[in-house]
Each structure stands twice: as C-alpha cells, then as structure tokens.
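The values are calculated or read from the model by the stated rules, or taken from the named source; none is laboratory data. Since we're looking at a predicted model, the values are computed, not measured. Quick reminder, even Gly has a Cβ in these numbers, built from the backbone with ideal geometry, and neighbours come from all protein chains shown. Just the protein is used for accessible areas: all its heavy atoms, side chains included, with ligands, DNA and RNA removed. Shrake-Rupley method; radii C 1.70, N 1.55, O 1.52, S 1.80 Å.
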Amino acid sequence: MPSRKFADGEVVRGRWPGSSLYYEVEILSHDSASQLYTVKYKDGTELELKENDIKPLTSFRQRKGGSTSSSPSRRRGSRSRSRSRSPGRPPKSARRSASASHQADIKEARREVEVKLTPLILKPFGNSISRYNGEPEHIERNDVPHKNTQEKFNLSQESSYIATQYSLRPKREEVKLKEIDSKEEKFVAKELAVRTFEVTPIRAKDLEFGGVPGVFLIMFGLPVFLFLLLLMCKQKDPSLLNFPPPLPALYELWETRVFGVYLLWFLIQVVFYLLPIGKVVEGTPLIDGRRLKYRLNGFYAFILTSAVIGTSLFQGVEFHYVYSHFLQFALAATVFCVVLSVYLYIRSLKAPRNDLSPASSGNAVYDFFIGRELNPRIGTFDLKYFCELRPGLIGWEALLTTMDIIHDGFGFMLAFGDLVWVPFIYSFQAFYLVSHPNEVSWPMASLIIVLKFCGYVIFRGANSQKNAFRKNPSDPKLAHLKTIHTSTGKNLLVSGWWGFVRHPNYLGDLIMALAWSLACGFNHILPYFYIIYFTMLLVHREARDEYHCKKKYGVAWEKYCQRVPYRIFPYIY
C-alpha cells in the first residue's frame, strides 16, 4: 500500500480546482483506495484533492524568500547611478539594459503571481442583496462580525506584500502586475461559474442507499413489493391481515401481446418527443463548460396523446384492457427497464470521464443502480430526460435543475422509477377504487380539490422560482428575492418559497399526494401507502440534498439553515 505524504490535521496549501491558485487548507482525511485527500478551505468548503495538488507550506516560503534575495538597496544604488549620467536621454546601451531589467522584473512578477495566494474574488450576481433581514450584509444575523483578514484570504495583505516587493519598479509595471492578478481572478471566477468540480470516484463510506448491499436489496425488493401491492388491491378484502395475497403462476403474468402494446406506447412517445415543435433551451453547465440542449414539447405531447386516445375511443377501442392486464403491463415495463439498464451500463463503459455522473463510484453493482453516465444520448435524443418526462409522467418540465438531471446518472434507479414505479404506484388509488369504490360527499370533495390545488400552487411555484433563478440569477423578475453568496460563485435563495422551508416543492408534492389518497376513504390503509411511501422517499431525498449542499456550499449553507430552520414541514420538520 503506497504511503501517504500528508497527515490528518496538517495545514498545507491546496490547489483550487480549475485554476493554478493555492490556498491554505487543513487535511481532514485520506482514502487509501482512491489516494485522495479530503481537505477543508478557510470558508468551510470541503473538497477531495489529489496528492500532486497539495504542497507543504515550506515550499511557498522558500519560493517567497528566493524571490526577495536581491537586495532593495542594490537596486536603489543601481538606479541612482543610472540617473546621475545625464538629465537627458540615456545612451542606447543603457536603454537596452533598462529594458532587459524591466522585462526581468515582469517575469519575476509573473512567477510570483503563479505561486502567491492571489485572493479569490467572486463577484455576486446582479440580484444579490446588500441587506439581509434589514441589516447590512457584513453584520448579518447569526453571523459573527469579522474582517476579511480572518476568513476570506486577505486582499489587503496580498496587495501590500506585492507593493512592498515591487515598490521600486516603474508605475506601468505595477499596473501590469495588477492586470495579471485581475485576469487570473476573472479566470477562476469564470471557471467556477461554468463547471462542477472534477469527477472523482465516491469513497465506499460515502455510498448512498446503504451501499452495495442496500442497492442490491432495492433492485430485487422493489419489483416484488410492487406486485404484492397490486395483488392486494385485486383482493375482495385488501386488509393487511390477508397479507401476503395468493401468488399467480408466472405464465399468468407474462403476455407477449401486452409487451408489444407497451413498446408501441413507448415508441409513440419517442415520436412525439422528436417532433420539431416547442422551444429549445440549454441545461445547466457540465463539467467541461458545455450546456446540453433540450426541446420542451411535453405539453404538445400531452395534447397529441389525448387526441390519439380520444380517436381510439371513438373507433371503439376498449381501454379496460389496460386495467384487466395491469399486472402484465407492470411486468412488461419491468423487463423493459432491466434491458434498458443493462444497455446503459454497457455503453457507459466507453463514455469519456467528463460524461460520468458525480454519483458514480467505480463499483459495478452500485453504478448499475445509480447510473454511471450522467446524460446518455443517442445523437440528440436524451434517454434520461425522455424517460423522466414522457412514458410514465407527461408534463413535468421544470426538471433541468433537479438532482435527477444534474447529479444522478441514468441507471436502474431512475429507469425503474420513471418507467415502472411512477406509472403503477402513482396511479395506485385509481386502481384501488375500481375494485373498492368509495362515495365522497360534496364537502369532502371540495376539501380534496382545495387541498390538491394548494399543493399544486406550492409545488409549481417553488419549482418555477428555483428553475428561473438557476437559469438566470440576474433576471429582473427575481430582483426582490434575497440571497446568500457562496464560495462557489453561486447564490442561495433565502426568501420567497425557499425562505418558507428548505424544500417547499416537497411540501407541495406531499399535500397533493394526501389529496389523492383521501378520495379512497378510510376503510383500508392500503391506498394510503402512496402518501406513506412518498413521505419516506422525500425525507430521504431531502437528507441527500442536505449532505450535498453542505459539502458544496460550506459556511453559506449553514447560514441558510439558520435562516430557514425547517426542512419540509413548517414547525414540525
């Protein structure tokens, strides 16, 4: 096993990803498998760095000392002798000597800038506020007043050092040095604005969903659980006391014609997706700065689908076939999902490193589940985007800034969720009511409608606000929103829907789920599985969001949590 060079707790200089700048960091831990160091910057940001991106403090001190080895008094003497020659124009040879000295000083300055800790200045977006909770930003509530010299890589110290080091140079050289600093800072800010940190394999201890054993259990357990729920619904008495239900023979669950109908449905949605209608938008920046383009035509696909269904009904097509073969359709979708997942994993083995998902780990089982490739495409056909929105859920278009698109790869987890779990579990109440009808009074129906409407307003409003802010933080329509600036160059919303709770979209989703379940009455708990499961899912998803945001935004995220203490449910959680 290769030995490590730096110890835990050691203070060193770490290179900021995407730049040549080094900052003071503390070594937190070292992973012997990936040979990566987890380091912490002064602003609280934690990153994983390779060993060659870390240097001891002494190397910078030696370089600094070396650059100052020439005596300032010598330079003063040399210049005074040069001036004593004549008040007029110096000889040509003297001009050459002065020019050479001038160029040497500039090269020296450039070398110094490369190793100096040039302060990272990230200008806030246009809608960043100068006031926070009615107070100046530098004395925010829950924030200890401090000077930039303590936490923000002191600009004045760096500037004063450079001014002292090169105080005898001509004025134009000082300007040149400042230009070098400015260009370097702008370069870093631009890099941070358009890219995510380098993709590095996740360490075993950071694997989600219980690691390899957990995802293995999920991949086999969820399909079995789905079929048990559907079989329970078809019983005359769907009480939990009658669990497990009688199991049918496998041949009763498979029908080739049903599989053909499912493929036809899938291909029809592919055709609608590829139609050159609807606007084309850009997604969030990828690791290499690229922005993929997406065509937003889900609404048109919904209208066309409705037209096809209406025409089919007019022609006498009996759609009760879907209900009577519901279990067969579920198995057909599951088989299709497994085949698709195998294809996705095989093609990901040839994908460039920059195309891999930040969630990928290097473990075959885990990556098959979580997805190894971030945005698998066949030409311009985006497989993940299509499966998220069309075959199982048409109309959810504010998706491009969600965790599914920007973080998770496309593997079994999303494929099964999009093509099997969502269409068959999210329609679970309707499937239940066919065999177990429930009469709803007008007051109860009104309450359900109002609850559903309120949930939709919260869900849609929060997602639209977040999506608009991530696409264009400088949008004048968002100027009234308050933000907290982060070390990554991005801002966190701290007002509007996102100042109410940390995940208002989850709250709206859960309110709508409750409304769907209430229509089934209170005779059995089975139709309330949807809201129970959904609560567990979103609480877990919120924990994933919390972990990633805390790791990415550091101190800024802690400030946001202080400002917005409740995660999903106000005054409860």
Q | Given (1) within 33 Å of the chain's Cα centre (by Cα); (2) surrounded by 15 or more Cβ atoms within 10 Å (Cβ to Cβ), index of the condition I277 fails | A | (2)
Q) What residue, of K550, K559, is open to solvent by 30 Å² or more (accessible area, probe 1.4 Å) and free of Cβ contacts under 8 Å to residues at least 60 places away in the same chain? A) K550
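Working only within the stretch 230-247, note down all residues that are open to solvent by less than 20 Å² (accessible area, probe 1.4 Å) and either among the hydroxyl-bearing types (S, T, Y) or in a helix (DSSP H, G or I) (or both).
Within the stretch 230-247, L230, M232, C233 meet the criteria.
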**Q.** Flag if D367 is modelled with pLDDT of 90 or more, part of a helix (DSSP H, G or I), open to solvent by less than 60 Å² (accessible area, probe 1.4 Å) and among the acidic types (D, E)
**A.** yes
(Q) Cβ contacts < 8 Å: first residue closer than 23 Å to T45 by Cα, restricted to the stretch 466-490; second residue part of a loop (DSSP other than H, G, I, E, B) and of a type in the set (F, W, Y), any location; separation 6+ or different chain. Result? (A) P473/F125; T483/F125
Q. Quick one: L493 ticks every box in (1) buried (at least 20 other Cβ atoms within 10 Å of the Cβ); (2) modelled with pLDDT under 90; (3) more than 17 Å from the chain's Cα centre (by Cα) bar one, so which box is it?
A. (3)
Q: Output the residues belonging to the stretch 346-387 that are acidic (D, E) and under 26 Å from R295 (Cα atoms).
A: D355, E373, D382
Q | Unmet criterion (only one of (1) part of a loop (DSSP other than H, G, I, E, B); (2) surrounded by 11 or more Cβ atoms within 10 Å (Cβ to Cβ)) for F259 | A | (1)
Q.
within 29 Å of D43 (Cβ to Cβ), assigned to a helix (DSSP H, G or I) and in contact (Cβ under 8 Å) with a residue 12 or more places away in the chain: which single residue out of R567, R544, R502 fits that description?
A. R544
Q: Tell me, please, whether a residue that is in contact (Cβ under 8 Å) with a residue 60 or more places away in the chain, surrounded by fewer than 21 Cβ atoms within 10 Å (Cβ to Cβ) and out of contact with any Asp or Glu (no Cβ under 6 Å at 6 or more places or on another chain) can be found in the stretch 408-415.
A: no
Q: Go through the stretch 398-488 and tell me which helices (runs of 4 or more DSSP H), entirely inside it, have 3 or more residues that are of a type in the set (V, I, T) and at pLDDT 85 or above.
A: 442-471
Q. What's the number of the condition G455 fails, among (1) touching a residue at least 24 places away in the same chain (Cβ under 8 Å); (2) within 24 Å of the chain's Cα centre (by Cα)?
A. (2)
Q | Search result, residues across the stretch 516-534 that are at positive phi and within 36 Å of the chain's Cα centre (by Cα) | A | none
Q. With respect to the numbered conditions (1) buried (at least 18 other Cβ atoms within 10 Å of the Cβ); (2) out of contact with any Phe, Trp or Tyr (no Cβ under 8 Å at 6 or more places or on another chain), which one is the sole condition not fulfilled by M444?
A. (1)
Q. Within the stretch 520-541, how many residues turn out to be open to solvent by 30 Å² or more (accessible area, probe 1.4 Å), aliphatic (A, V, I, L, M) and either touching a residue at least 40 places away in the same chain (Cβ under 8 Å) or not in a helix (DSSP H, G or I) (or both)?
A. 1
Q: Mind listing whichever residues of the stretch 1-22 are in contact with a strand residue (DSSP E or B) (Cβ under 9 Å, 6 or more places away or on another chain) and within 14 Å of N52 (Cα to Cα)?
A: R4, K5, F6, V12, R13, G14, R15, W16, P17, L21, Y22
(Q) For the stretch 494-512, give me the residue count where each residue is under 13 Å from D545 (Cβ atoms) and not aromatic (F, W, Y). (A) 5
